[in-house]
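*Asks:* Input: one structure, supplied below.
The values are calculated or read from the model by the stated rules, or taken from the named source; none is laboratory data. Note that the structure is a prediction, hence the values are computed from the model and not measured. Neighbour counts are summed over all protein chains in view; Cβ atoms, including those assigned to glycine, are modelled from backbone coordinates with ideal geometry. Remember, those area values only see protein heavy atoms, side chains included, never the ligands or the DNA or RNA. Shrake-Rupley method; radii C 1.70, N 1.55, O 1.52, S 1.80 Å.
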Amino acid sequence: RNLLDRDTFSKSDPICVLYTQAIGNKEWREFGRTEVIDNTLNPDFVRKFIMDYFFEERENLRFDFYDVDSKSPNLSKHDFLGQMFCTLGEIVGSQGSRLEKSIVGIPGKKCGTVIVTAEELGCCRDSVLMQFCANKLDKKDFFGKSDPFLVFHRSNEDGSFTICHKTEVVKNTLNPVWQAFKISVRALCNGDYDRTIKVEVYDWDRDGSHDFIGEFTTSYRELSRGQSQFNVYEVINPKKKGKKKKYINSGTVTLLSFLIETEVSFLDYIKGGTQINFTVAIDFTASNGNPSQPTSLHYMNPYQLNAYGMALRAVGEIIQDYDSDKMFPALGFGARLPPDGRVSHEFALNGNPQNPYCHGIDGVMEAYYRSLKSVQLYGPTNFAPVINHVARYAASVKDGSQYFVLLIVTDGVISDMAQTKESIVNASKLPMSIIIVGVGPAEFDAMEELDGDVVRISSRGRFAERDIVQFVPFRDYIDRSGNHVLSMARLAKDVLAEIPEQFLSYMRVRGIKPSPAPPPYTPPVHVLQTQI
């Protein structure tokens, strides 16, 4: 909208070029270009860019705009109209997955705005609930009638067939009604609605030598018409057909019902406005070492982040894209606070217990450094108070509009194991997940136990309803070559990868559906003035 006008006699002819950034060397690579739209400062580009999306990765994007003056593919031959930087998470995390941002890059000029919308490609997420019955199938058994079942095959690119579903056997009938079954559209036809689906009808025999009754073919598109005259199929046995002149069929199979169910995804909720609230809790116990000493895990090195700072930034920079107000409560535990030296296991890093919110990850980092200067590292290491702190908020919004993620960064020597397990078991019923990053050289056996990947965590005989804790040791990610960018991207990837599934498991258990996304953006219609 409102691009710069670079042409003397007409308006600009804009094109948009998308670049993505490599994580390690920060190099920008061209990803693709839209079409050129002639003579307009308000282009609506049609060409879409299809890219992979991972919640746990930060994908930096750059949109460059040019006024195209010739046929040359070389961008330096055209007039630059400005650029916009954002992350894929920012677009997806915006209301309705629609982001509007100013175009910058030409000093002293207003370059207009760009509107980017994202949509998840959903064709492969559907599954279908189908039910069939048959009439007058051939009698195959010497004593009684047949025992029929159906076998479904999808066709492959090379014309071969792959089995994708078998119904149960209905005993002793020539007019069976099979139970409804659910199958993913991917398995049924690989997402291709017109691909052949072959269905074979067999008579079950105890010894495994099932007798072939006949077959028919259909497609997803045909089946999707539902119960109708189009979905009554003649079962044909090619051998019989070849031999007998009067052969009509070996019975018919009828589709009774066809229901499409769309599996909802993490992005459906984000698009519908669910916010992810991010809270940070930092271990201020004495076992971390004196912050003024270089050996301390809290050492304030003027030239580079310590392990705590690196872990906070790595995880926070990705999560902040999904939180519209970018205000994060930051807590500390295990320190003695000024002025009276009382020990606290949930204090606000910014010194304001009524309002522990910090603005953005930079605000969290600032409050962390300020706290280090004012509190005295102490002990013991109690996790339960900060877990309960977040759980209180999570318990007040169980409608699916908010989800809470608590990041605990700790040196791992935990004192209140029983209480922490109790807190986690209680929290597993709430819309929250806990990420624990263990820094330093300690043994992290207790943390592994809390993680619950191997053995589901329990307290006093009660098991956690879902697995909500993800633990990683920071030392596994330290890059020997000193390239922290890549190693921190790997750390974030591993701790955040489980969050979408944990999020979905909460929503599923509670039967919460995503809110509808706000209506898509439609450009205003220009009314033509007519003279009478």
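*Asks:* Which entries in the list K48/K166; K182/K429; K271/K493; K171/K513; K48/K71; K48/K398 go over 32 Å, if you measure between the two C-alpha atoms of each? Before the final figure, lay out the partial values.
*Replies:* Values: K48/K166 39 Å; K182/K429 28 Å; K271/K493 22 Å; K171/K513 40 Å; K48/K71 21 Å; K48/K398 36 Å.
Long pairs (Cα-Cα over 32 Å): K48/K166; K171/K513; K48/K398.
*Asks:* Mind checking the dipole of the chain: about its Cα centre, +1 per Lys or Arg Cβ, -1 per Asp or Glu Cβ, Debye to the nearest 20? Don't jump to the answer; show the numbers that get you there.
*Replies:* Values: 60 positive and 66 negative charges, 326 e Å.
For this selection, approximately 1560 debye.
*Asks:* What does the helix-only formula give at 222 nm for the chain: each DSSP H stretch with n ≥ 4 adding -39500 (n - 2.57), the total divided by the residues, and the result rounded to the nearest 500 deg cm²/dmol?
*Replies:* Numbers: 12 runs with 111 residues, N = 532.
Helix-only estimate at 222 nm: -6000 deg cm²/dmol.
*Asks:* Hey, what's the Kirkwood Rh for the chain if you take every pair of different alpha carbons, in angstrom?
*Replies:* Values: mean 1/r = 0.0356 Å⁻¹.
In the chain this quantity evaluates to 28.1 Å.
*Asks:* Compute the accessible area per residue over the chain, keeping the other protein chains in place, probe 1.4 Å, unit Å². Don't jump to the answer; show the numbers that get you there.
*Replies:* Numbers: 27020 Å² over 532 residues.
Heavy-atom accessible area per residue stands at 51 Å².
*Asks:* Which angle between 0 and 90 degrees, to the nearest 10, do you get for helix 360-374 versus the longest principal axis of the chain when only C-alpha atoms count?
*Replies:* Around 40 degrees separate the two axes.
*Asks:* Here's a follow-up. With the Cα gyration tensor of the stretch 290-383 giving a ≥ b ≥ c as the square roots of its eigenvalues, does the rule (a/c under 1.5 for rounded; else a/b larger than b/c for prolate; else oblate) give rounded, prolate or oblate?
*Replies:* Details: a/c = 2.00, a/b = 1.22, b/c = 1.63.
Since a/c reaches 1.5 but b/c is at least a/b, the shape of the stretch 290-383 is classed as oblate.
*Asks:* Let me check I've understood the local charge: for G82, count other residues with C-beta under 10 angstrom from its C-beta, Lys and Arg +1, Asp and Glu -1. What total comes out?
*Replies:* On the way: positive: K109, K110; negative: D64.
For residues surrounding G82, the net value is +1.
*Asks:* Between the stretch 45-59 and the stretch 160-180, how many Å separate their Cα centres?
*Replies:* Using only Cα atoms, the two centres lie 41 Å from each other.
*Asks:* Based on the Cα gyration tensor of the stretch 275-510, what are the three equivalent ellipsoid semi-axes, each the root of five times an eigenvalue, rounded to whole Å and given largest first?
*Replies:* Working: eigenvalues 130, 77, 70 Å².
Value: 25, 20, 19 Å, ordered largest first.
*Asks:* Same structure again: Once you order the gyration tensor axes a ≥ b ≥ c over the Cα atoms, which shape class does the stretch 126-262 get: rounded for a/c under 1.5, otherwise prolate or oblate by comparing a/b with b/c? Let's see the in-between values first.
*Replies:* Details: a/c = 1.68, a/b = 1.51, b/c = 1.12.
Because a/c hits 1.5 or more and a/b exceeds b/c, the stretch 126-262 counts as prolate.
*Asks:* Rounded, prolate or oblate: pick one for the stretch 382-532, where a ≥ b ≥ c are the square roots of the eigenvalues of its C-alpha gyration tensor, a/c under 1.5 means rounded, and failing that, prolate if a/b is larger than b/c, else oblate.
*Replies:* On the way: a/c = 3.28, a/b = 1.66, b/c = 1.97.
Cα axes put the stretch 382-532 in the oblate bin.
*Asks:* Carbon and sulfur: what percent of the stretch 1-138's accessible surface (1.4 Å probe)?
*Replies:* 50
*Asks:* Starting with the highest mean, order 365-378, 197-210 by the number of other Cβ atoms within 10 Å, averaged over the residues of each peptide. Let's see the in-between values first.
*Replies:* Working: 365-378: 17.6, 197-210: 15.3.
Averaged packing, sorted descending, gives the order 365-378, 197-210.
*Asks:* Pop out the carbon and sulfur fraction of the accessible area of the stretch 170-212 as a percent, whole number, probe 1.4 Å.
*Replies:* The computed percentage sits at 42.
*Asks:* Let me see the pair-distance distribution of the stretch 14-117: every alpha carbon pair, 5 Å bin width, integer percents in order.
*Replies:* 2, 11, 21, 25, 21, 12, 6, 2, 0
*Asks:* May I have the pair-distance distribution P(r) for the stretch 48-182, computed from all Cα-Cα distances with 5 Å bins from 0 and rounded to whole percent?
*Replies:* Taking every Cα pair in the stretch 48-182, the percentages come to 2, 7, 10, 10, 10, 8, 7, 6, 6, 6, 6, 6, 5, 4, 3, 2, 1, 0, 0.
*Asks:* What part of the accessible area of the stretch 352-449, given as a whole %, is carbon or sulfur when the probe is 1.4 angstrom?
*Replies:* Numbers: 2000 of 3890 Å².
Exposed carbon and sulfur together represent 52 percent of the surface.
*Asks:* Further question: Counting C-alpha atoms alone, how compact is the stretch 173-224: give Rg to one decimal and Dmax as a whole number, in angstrom.
*Replies:* Values for the stretch 173-224 (Cα only, Rg and Dmax): 13.6, 37 Å.
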